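Written below as structure tokens is the structure these notes are about.
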Amino acid sequence: MAIDGETTQTQAAAPENNNNINENAPNNYKVTVVGSGNWGSVAAKLIASNTLKLYFFHDEVRMWVFEETLANGAKLSEVINQTNENVKYLPGVKLGKNVVADPDLEHAVRDANMLVFVTPHQFMEGICKRLIGKIKNDAEAISLIKGMEVKMEGPCVISTLISEQLGINCCVLMGANIANEIAVEKFSEATVGYRGNKEIADRWVQLFNHPYFMVSAVQDVEGVELCGTLKNVVAIAAGFVDGLEMGNNTKAAIMRIGLREMRAFSKLLFSSVEDSTFFESCGVADIITTCLGGRNRKCAEAFARHGGKRTFDELEAEMLQGQKLQGVSTAKEVYEVLRHRGWLELFPLFSTVHEICSGHLPPSAIVEYSEHTPKFSLVQGSAQFY
Ligand SMILES: NC(=O)c1ccc[n+]([C@@H]2O[C@H](COP(=O)([O-])OP(=O)(O)OC[C@H]3O[C@@H](n4cnc5c(N)ncnc54)[C@H](O)[C@@H]3O)[C@@H](O)[C@H]2O)c1
Ligand SMILES: O=P(O)(O)OC[C@H](O)CO
């Protein structure tokens with residue numbers, strides 16, 4: 001389908017490296033992006049530029065918008081369709097004329113073969129419930145969501161929530177991906193995590209890959225997703241260090257210890273998690289970018305500067321204009337898992353972040369947790385964890 005004179009499907013160039021793509025598949029994989037925040041909008045822009053170029057994707061990209069009324073009384077979805085810009089969550093960036101904003105969730109997903117989930121994680125349970133029985137049986141999903149749920153049965157990563165609730169396969173895409181930088185086409189990398197079917201992973205790579213957005217795939221869906229999820233807790237710790245003006249060495253120490261706890265926690269939950277995953281964009285690179293330039297870091301810095309006297313909810317509302325933090329709730333969710341399993345002392349950084357966020361410890365405790373050193377060293381000696 002041609003959109004306003006853009007490249008048509010028949011004119012579109014065949015992909016250069018499509019060895020693993022089934023060329024006999026319907027050349028009309030229809031893509032819907034579920035979510036339209038800061039990263040959701042950038043993801044739609046990236047995808048929309050590729051669906052115009054690659055003949056096996058349908059040109060139009062549908063983007064579900066959680067409808068809101070703007071200060072001038074206009075509906076966000078209508079403004080996006082009129083201006084081709086998400087004026088609230090990604091102002092100043094054109095999304096591509098083939099992005100169509102749709103405020104009706106069920107309508108937006110109805111015809112999609114490929115579903116890209118990218119909302120703050122706390123809304124996903126409700127979204128999945130609404131989508132049961134509303135999507136194509138053979139749809140494929142990918143989650144760009146950095147977060148997890150904790151249920152009675154234990155921790156549940158978002159790709160599992162999607163798979164179990166909707167009965168579909170779900171890959172993940174994580175990485176060092178501050179959305180505003182990718183929006184203006186500054187180079188970055190990302191990691192697709194998949195289970196089993198490499199052909200499907202390759203199709204996701206094709207959908208996202210761009211000269212300024214280099215995507216690679218690894219067969220470790222849990223490792224990739226837990227990297228993206230847990231780095232937000234480390235980012236909160238890094239923000240505390242910034243707010244306390246402790247300097248670069250301390251921040252680097254927090255990043256290193258955080259990465260180590262990320263790996264230990266992931267491997268305790270899923271023995272299949274690979275060490276090599278932590279060297280991909282989703283691992284060490286995301287830790288670095290998020291601890292330098294992310295929203296979690298920024299709000300945690302303000303929290304520490306106010307000596308813990310302002311709440312994260314207040315700071316989020318004031319500093320992020322509707323965008324959502326994931327690190328504070330993830331720290332709580334991780335803490336629940338640690339407490340339930342008797343692992344609190346094995347993860348002093350993760351535990352301390354939650355205790356600071358919930359007001360039980362002052363921000364300065366982020367470095368004082370070294371009092372736990374004997375127990376920590378004991379763990380350090382254990383090959384099972386570290
Ligand atoms: N922004 C980034 O730089 C970035 C980069 C990589 C990954 N991520 C991850 O992507 C996910 C989505 O983040 P984002 O930056 O696109 O979102 P965001 O924080 O910019 O925006 C919040 C979104 O939530 C929506 N929303 C508000 N209330 C809602 C409700 N009740 N139900 C459903 N939606 C509601 C808003 O409409 C808006 O689209 C998160 O897991 C985040 O960690 C973000
Ligand atoms: O702004 P944050 O802290 O949500 O982090 C954004 C991205 O996840 C960085 O990769």
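The values are calculated or read from the model by the stated rules, or taken from the named source; none is laboratory data. This one's a predicted model, so the numbers in the text were calculated from it and none came from an experiment. FYI the Cβ positions are ideal-geometry reconstructions off the backbone, even for glycines, and counts take in every protein chain you see. Only protein heavy atoms, including side chains, enter the accessible area calculation; ligands, DNA and RNA are left aside. Shrake-Rupley method; radii C 1.70, N 1.55, O 1.52, S 1.80 Å.
Looking at (1) in a helix (DSSP H, G or I); (2) more than 18 Å from Leu115 (Cβ to Cβ); (3) in contact (Cβ under 8 Å) with a residue 60 or more places away in the chain; (4) not charged (D, E, K, R), which one does Ala252 not meet, given that it meets all the others?
Condition not satisfied by Ala252: (3).
Can you name the residue in the stretch 287-324 that is in a loop (DSSP other than H, G, I, E, B) and within 21 Å of Gly147 (Cβ to Cβ) and, of all such residues, is farthest from ligand 1 (Cβ to nearest atom)?
Thr311
Considering (1) under 19 Å from the mean Cα position of the chain (by Cα); (2) of a type in the set (A, V, I, L, M); (3) open to solvent by 40 Å² or more (accessible area, probe 1.4 Å), say which one Leu344 fails and leave the rest.
Of the numbered conditions (1) under 19 Å from the mean Cα position of the chain (by Cα); (2) of a type in the set (A, V, I, L, M); (3) open to solvent by 40 Å² or more (accessible area, probe 1.4 Å), the odd one out for Leu344 is (1).
In the stretch 146-182, how many residues are within 15 Å of ligand 2 (Cβ to nearest atom), crowded, with 17+ Cβ neighbours inside 10 Å and more than 16 Å from Asp220 (Cα to Cα)?
Total meeting the criteria: 7.
Only one of Ile162, Ile158, Ile200 is under 19 Å from Asn296 (Cβ atoms) and out of contact with any Leu (no Cβ under 6 Å at 6 or more places or on another chain); which?
Residue meeting the stated conditions: Ile158.
Please work out which one of (1) open to solvent by 40 Å² or more (accessible area, probe 1.4 Å); (2) in contact with a helix residue (DSSP H, G or I) (Cβ under 7 Å, 6 or more places away or on another chain); (3) touching a residue at least 12 places away in the same chain (Cβ under 8 Å) is the condition Glu336 fails and give its number.
Looking at each condition in turn, Glu336 falls short on (2).
Go through Thr352, Thr311 for me and flag whichever is open to solvent by less than 40 Å² (accessible area, probe 1.4 Å) and at pLDDT 95 or above.
Being open to solvent by less than 40 Å² (accessible area, probe 1.4 Å) and at pLDDT 95 or above holds for just one of Thr352, Thr311, which is Thr352.
State all residues of the stretch 270-315 that are more than 14 Å from ligand 2 (Cβ to nearest atom) and aliphatic (A, V, I, L, M); if no residue qualifies, say none.
Those that are more than 14 Å from ligand 2 (Cβ to nearest atom) and aliphatic (A, V, I, L, M): Val273, Ala304.
If I filter the stretch 105-139 down to residues being acidic (Asp, Glu) and not in a helix (DSSP H, G or I), which single residue comes out as surrounded by the most Cβ atoms within 10 Å (Cβ to Cβ)?
Asp111
Which of the residues that make up the stretch 68-89 are among the basic types (Lys, Arg) and either assigned to a strand (DSSP E or B) or without any contact (Cβ under 8 Å) to a residue 12 or more places away in the chain (or both)?
Scanning the stretch 68-89 gives a single hit, Lys75.
Take the stretch 156-177 and flag every residue that is in a loop (DSSP other than H, G, I, E, B) and touching a strand residue (DSSP E or B) at 6+ places or on another chain (Cβ under 8 Å).
Result: Ile168, Asn169, Gly175, Ala176, Asn177.
Being within 16 Å of ligand 1 (Cβ to nearest atom) and either open to solvent by less than 10 Å² (accessible area, probe 1.4 Å) or over 22 Å from Lys94 (Cα atoms) (or both) is true for just one of Glu225, Glu185. Which residue is that?
Selected residue: Glu225, the only one of Glu225, Glu185 that is within 16 Å of ligand 1 (Cβ to nearest atom) and either open to solvent by less than 10 Å² (accessible area, probe 1.4 Å) or over 22 Å from Lys94 (Cα atoms) (or both).
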